[in-house]
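First comes the structure, then the notes that go with it.
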């Protein structure tokens, strides 16, 4: 991805349901970072839920339809070539819909039928490119741009970058990844590492960056989720991390919730803090913690950030 | 990591005798361990077809039993009995009763897609796990799993309004599964959060709980989705032969 490319400076923005609820801090910090960097986000008009992980379990084609409606509005009604989704679930579902509509006739037929009945244009694969917030930062200002803008260096802050499941799996829905130098890797993703390293953070070697947090069963199988999250927290602390950086609202709230649950139910206390990468990037660029929604996190990182002179 | 194998010898069929003499030789204790012979005859020859007919199970026939799915599996690392390769094998040979021995854990798949990423034959094992859970519930072998309750609570809201409000889903889910909303850890989580939040944000959160977020002019999409979902439900029941007896009676 070419950092000098301007095609991502003016994009459709699909926040999704989580960013209006438990992931509100991710929405705030994404918008604040965009504003600070002079990048324009146009919220998709009258968007709907992408179907998350749940609608797929009722019927995969319904999830494809729901995601296609978002892309159809962004492309056909707003005229955008790119839609940016910071939530891994939304990002994954839009990518999956793009793949299925191009490769699965039944999926395309169901989407066409439902779009016609719902009264909007059917999304045609290829009309729009879906990108993640990480692609957005990498593809606009890039690492050099971050280095130029750092006001509060993250120097000395040890960060474990956690990408979760939906950002890289299954790889066939991300045809632009694994394309060698400059592209993202599905086995060892590094865009968040690159971005935060450019802000001078010390990136620790974190072997569980694409392990699962059990987000699908946060409430329906809490014991499994707590065990999986505890693995992630323990591994981050063993790597020496002060902070786990996240790029997905489901992972983020899963880590926060089950950090509390592990303490209450299993008596296992961990102290590693959990922050969205956009919050860390915003802090590095001198944005006030309140504007980044840091007080909205359950994981209370303010004492640590104050101690490091970042807040 | 090794490939986790699962053998077909049931623990209750491994028998040791405390005192046993054969041909004048004392073979008491471990020396006398025998495996009770068993001949499987109760095959369900339609099992693979039934699983294939449900969403996610379409490509089960492609499996060549390499075990990459089980090796990559997040849940298998927590519970060795959670074995997607083995279940796919049982479905393909029609060993329904053997599959039913694991009926209470199959729904615990966390959809991390590690299996799907590892599978060299594009079987989509994650989808097969969903298909199996769905099949178990439709056939009445298991009650609705907590996961299915959550999916239904979630999908209901999306279908009705186009969007979700998390608080409403949590309340609906706890209601469906008969759990109290005031669980220790949830209370603790809210307590840790609330004292830091400004009143403005609290008001916004309260407001979204009362005024449901919704997509405008969603009615036609809702009707189209509801109609399609109902058609699929009929299709699934037919594929599993669930209403055959009733239809024959009519």
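If you go through segment B:131-148 and keep only what is over 30 Å from residue B:39 (Cβ atoms) and surrounded by fewer than 20 Cβ atoms within 10 Å (Cβ to Cβ), you end up with B:137, B:143, B:144, B:146. Residue A:92 meets all of the listed conditions (1) more than 19 Å from the chain's Cα centre (by Cα); (2) facing chain B (nearest Cβ under 10 Å) but one, namely (1).
Total residues in segment B:108-130 satisfying the condition of being crowded, with 23+ Cβ neighbours inside 10 Å and under 16 Å from residue B:55 (Cβ atoms): the figure is 11. The criterion of at least 2 residues that are more than 12 Å from every other protein chain (Cβ to nearest Cβ) is met, among helices (runs of 4 or more DSSP H) falling completely within segment B:20-123, by B:47-53, B:68-72, B:84-93, B:96-100. Of the residues that make up segment A:75-86, is at least one surrounded by fewer than 21 Cβ atoms within 10 Å (Cβ to Cβ) and within 12 Å of another protein chain (Cβ to nearest Cβ)? Taking every residue of segment A:75-86 in turn, none turns out to be surrounded by fewer than 21 Cβ atoms within 10 Å (Cβ to Cβ) and within 12 Å of another protein chain (Cβ to nearest Cβ).
Quick check on residue B:176: is it closer than 26 Å to residue A:169 by Cα, in contact (Cβ under 8 Å) with a residue 24 or more places away in the chain and surrounded by fewer than 17 Cβ atoms within 10 Å (Cβ to Cβ)? The answer is no for residue B:176. Taken as a whole, the condition of being closer than 23 Å to residue B:218 by Cβ, within 11 Å of chain B (Cβ to nearest Cβ) and at pLDDT 95 or above applies to residue A:61. In this structure, residue A:240 does satisfy being on the phi > 0 side of the Ramachandran plot and in contact with a strand residue (DSSP E or B) (Cβ under 6 Å, 6 or more places away or on another chain). Give the number of residues within segment A:227-249 that are crowded, with 24+ Cβ neighbours inside 10 Å and within 14 Å of chain B (Cβ to nearest Cβ). Total meeting the criteria: 5. Taking the criterion of being surrounded by fewer than 23 Cβ atoms within 10 Å (Cβ to Cβ) and either under 20 Å from residue B:226 (Cα atoms) or within 8 Å of chain B (Cβ to nearest Cβ) (or both), the residues of segment A:111-129 that qualify are A:112, A:113, A:115, A:116, A:117, A:118, A:119, A:120, A:121, A:122. Within this structure, residue A:173 fails the test of being closer than 21 Å to residue A:285 by Cα, within 19 Å of the chain's Cα centre (by Cα) and modelled with pLDDT of 95 or more.
For (1) closer than 21 Å to residue A:237 by Cβ; (2) part of a helix (DSSP H, G or I); (3) within 9 Å of chain B (Cβ to nearest Cβ); (4) in contact with a helix residue (DSSP H, G or I) (Cβ under 9 Å, 6 or more places away or on another chain), each residue gets a yes or a no:
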{"residue": "A:178", "(1), (2), (3), (4)": "no, no, no, yes"}
{"residue": "A:186", "(1), (2), (3), (4)": "no, no, yes, yes"}
{"residue": "A:194", "(1), (2), (3), (4)": "no, yes, no, yes"}
{"residue": "A:208", "(1), (2), (3), (4)": "yes, no, no, yes"}
{"residue": "A:211", "(1), (2), (3), (4)": "yes, no, yes, yes"}
{"residue": "A:216", "(1), (2), (3), (4)": "no, yes, yes, yes"}
{"residue": "A:225", "(1), (2), (3), (4)": "yes, yes, yes, yes"}
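Here's the yes/no breakdown for (1) within 12 Å of chain B (Cβ to nearest Cβ); (2) buried (at least 22 other Cβ atoms within 10 Å of the Cβ):
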| site | (1), (2) |
| --- | --- |
| A:8 | no, no |
| A:23 | yes, yes |
| A:33 | no, yes |
| A:36 | no, no |
| A:40 | no, no |
| A:44 | yes, yes |
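The values are calculated or read from the model by the stated rules, or taken from the named source; none is laboratory data. This one's a predicted model, so the numbers in the text were calculated from it and none came from an experiment. All Cβ positions, even for glycine, are placed from backbone atoms using ideal geometry, and neighbour counts span all protein chains on display.
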